[in-house]
Amino acid sequence: MRKTLILTLIATLTTGSVCAIVCYIRADSFSFAWALNFLLMLCVLAFTQTLKSPLTSSYFNTKAWERGGKIYERFGTNFFRKLLVWIGWEKLVRKSNPIEKNTQALMDLHYQTKKSELDHLIILFIVLGFNVFVAFKFGFSRSLWLLVLNVILNLYPIFLQRYNRPRIERAINLSKRR
C-alpha cells in the first residue's frame with residue numbers, strides 16, 4: 001500500500017512538473033528540451049527505484065541481430081563512450097558506484113544496465129511524444145531540439161547499455177567459473 005502511494009505521488013508530481021514546464025518554457029526551445037529531459041530523468045529514476053522490479057523480461061536479453069554489439073559500434077557507441085569519459089560522466093558514475101572485482105558486484109552492474117536502459121526507454125518515448133506534438137504544432141524544424149537531445153540523452157544511453165550487457169554477462173560467467 002505504501003509503495004503504491006509513493007509511486008502515485010511520483011507520477012502526480014511528474015505530471016504537475018511537466019505541466020509547469022509546458023506553461024513557462026516555450027515548447028520549441030532548447031531550454032524546454034533540456035528541462036524536460038532532466039526532469040524526466042529525475043522522476044523516472046525515482047519511480048523505478050521505488051518500483052524495484054526484478055527486470056526479468058526477455059526484452060533485456062541480447063538479440064541475434066545485435067551481433068556482439070557490431071550494430072551499436074556502427075552507430076557510434078564507442079564515440080559516445082569516449083564522450084562520456086571526456087565530459088567526466090564516467091568518473092562521476094564510478095565514484096558513486098565503483099566496480100568491484102567479485103561476482104555479486106558484476107551482477108549488480110548487470111541489473112543496473114537493465115534499470116538504466118528501462119529509465120532511458122521510458123524517457124525516450126515520453127520525449128518522442130512531445131517531439132511529435134511540437135512538430136505538428138510548430139513544424140519539424142522547431143522540434144529539432146527535442147529530437148537531438150532525445151537521441152543524445154536517451155537513445156545512445158540505451159545503445160550503450162545494450163552494448164555493455166553481453167560483456168558483463170561474459171564477465172559474470174567467467175567469475176562464476178573461478
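When you look at Leu149, is it modelled with pLDDT of 95 or more, surrounded by fewer than 17 Cβ atoms within 10 Å (Cβ to Cβ) and closer than 24 Å to Ile25 by Cα, yes or no?
Here the answer is no, as Leu149 does not meet what is asked.
Would you please name the residue that is modelled with the lowest pLDDT, looking only at residues in the stretch 110-125 that are crowded, with 19+ Cβ neighbours inside 10 Å and β-branched (Val, Ile, Thr)?
Thr113
Mind checking whether some residue in the stretch 62-85 is under 20 Å from Val18 (Cβ atoms), surrounded by fewer than 18 Cβ atoms within 10 Å (Cβ to Cβ), out of contact with any strand residue (DSSP E or B) (no Cβ under 6 Å at 6 or more places or on another chain) and not charged (D, E, K, R)?
Looking for residues that are under 20 Å from Val18 (Cβ atoms), surrounded by fewer than 18 Cβ atoms within 10 Å (Cβ to Cβ), out of contact with any strand residue (DSSP E or B) (no Cβ under 6 Å at 6 or more places or on another chain) and not charged (D, E, K, R), one finds none in the stretch 62-85, hence no.
Which helices (runs of 4 or more DSSP H) sit wholly inside the stretch 22-140 and have at least 1 residues that are among the basic types (Lys, Arg)?
Result: 70-74, 77-87, 89-96, 103-138.
Listed residues Thr62, Thr14; which is of a type in the set (Ser, Thr, Tyr) and at pLDDT 95 or above?
After ruling out the rest, the residue left standing is Thr14.
Which residues, counting only those in the stretch 1-39, are of a type in the set (A, V, I, L, M, F, W, C), in contact (Cβ under 8 Å) with a residue 40 or more places away in the chain and closer than 17 Å to Phe138 by Cα?
Ala27, Phe30, Phe32, Ala33
Pairs only if they're at least six apart or on different chains, beta carbon under 8 angstrom, first in the stretch 141-159 and without any contact (Cβ under 8 Å) to a residue 24 or more places away in the chain, second not acidic (Asp, Glu); list them, first residue then second.
That search, which allows pairs on different chains as well, returns Leu147/Asn131.
Cβ-Cβ distance below 6 Å, separation of 6 or more or different chains: which pairs start in the stretch 90-106 with a residue that is in contact (Cβ under 8 Å) with a residue 60 or more places away in the chain and end on one that is surrounded by 10 or more Cβ atoms within 10 Å (Cβ to Cβ) and small (Gly, Ala, Ser)?
Note: pairs meeting the criteria are Thr103/Ser175; Leu106/Ala171; Leu106/Ser175.
For Thr56, state whether it is over 17 Å from the mean Cα position of the chain (by Cα) and surrounded by 11 or more Cβ atoms within 10 Å (Cβ to Cβ).
Taking the combined requirement at face value, the residue does not satisfy it.
The values are calculated or read from the model by the stated rules, or taken from the named source; none is laboratory data. Owing to the predicted nature of the structure, the values given are computational and were not obtained by experimental measurement. Glycine gets a Cβ as well: all are built from the backbone with ideal geometry, and neighbour counts include every protein chain shown.
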